[in-house]
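What follows is a short report on a single structure.
The values are calculated or read from the model by the stated rules, or taken from the named source; none is laboratory data. In this text, all values refer to a predicted model and were calculated from it rather than measured experimentally. Note: ideal-geometry Cβ built from the backbone for every residue, glycine included; neighbour counts use all protein chains shown.
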Amino acid sequence: MIRPKQLDDAATTLVCLGFCGGGTGPYHPWAEVVAPDVDLALVCYPGRDGRFMEDFATTWDELAEDATRTVVSAVGDHPYVLFGHSMGGWMAFDVATRLEARNSSVPDALVVSSCNAPARGLTPRDMFPARQDTDEDLMTWMRTHGLVAEHVLGDPDLLEMAVEIMRADIAVRDTFHHNGALGRHHAGAVPRRRRRRGDRGRRARPVEGAGPRLLPARPVARRALLHPRGVADPAHPDQCDQPVERPRKAPGVPSP
């Protein structure tokens, strides 16, 4: 787990899971825009960033178990929100349902972007880029969708590493399968918890009668996670309980 922002007494932590071919780098700028009392924690997959000496995961279950252990060890019994983009959205859902099944450290909310409902499984639309793509095809795709930083584009060795990470993640993605979890209430639901006054720094207890927070979640980021000056609002304005501006692209997150 990498922590670009860590407070002694944070109200909550935003835990981010990476997308296909990505590391934690694109999320680092979020440390400047999350709300002042929100921590930022980034799950680092094996084979990149601080874990570049480790072997890549080879199956979805292997990577999901690794991510689940990482989240549990990082958050303990503190409140947190789990976020995933693209493949990371599926991973966030899988981690949340694994934690719920084990009655362990479930997130206060699950927020995803640019991914299909996990119950649909892996569809042809999801299988791009593809295993059979050439290295040049993959580099073109990554450049087009903003997955490659400028300093990487000019370094052949770094480009080779980026392609290797992408191929490893494609192989894992292609083993994705819906785990059948419906949550305690219904598909996509995670328990909603509410902090009581004075509960800062420890896991809040579930509120009696509180309903689930659904996938897609209401715009937690706008009101609770991001600084008032904000970046992207992941929700459509029609889904909000008060008027908001049209979404803008969050810093560092590639286009789907």
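What to note about this one:
- Residue under evaluation Arg143, criteria (1) at pLDDT below 90; (2) within 23 Å of Gly50 (Cα to Cα), criterion not met: (2)
- Top-ranked residue in the stretch 153-178 [being assigned to a loop (DSSP other than H, G, I, E, B) and free of Cβ contacts under 8 Å to residues at least 60 places away in the same chain; ranked as nearest to Pro124 (Cα to Cα)]: Asp174
- Exactly one residue out of Leu42, Leu82 is buried (at least 24 other Cβ atoms within 10 Å of the Cβ) and free of Cβ contacts under 8 Å to residues at least 60 places away in the same chain: that is Leu42.
- Residue in the stretch 157-184 that is surrounded by the fewest Cβ atoms within 10 Å (Cβ to Cβ), counting only those that are modelled with pLDDT under 90 and not hydrophobic (A, V, I, L, M, F, W, C): Gly180
- Checked against the criteria, Arg69 counts as free of Cβ contacts under 8 Å to residues at least 60 places away in the same chain, under 26 Å from Ala11 (Cβ atoms), surrounded by fewer than 16 Cβ atoms within 10 Å (Cβ to Cβ) and out of contact with any Phe, Trp or Tyr (no Cβ under 7 Å at 6 or more places or on another chain).
- Criterion: more than 27 Å from Ile170 (Cβ to Cβ), of a type in the set (Gly, Ala, Ser) and in contact with a strand residue (DSSP E or B) (Cβ under 7 Å, 6 or more places away or on another chain) - qualifying residue of Ala67, Ala41, Ala35: Ala35
- Number of residues in the stretch 59-71 that are within 14 Å of Ile2 (Cα to Cα) and β-branched (Val, Ile, Thr): the value is 2.
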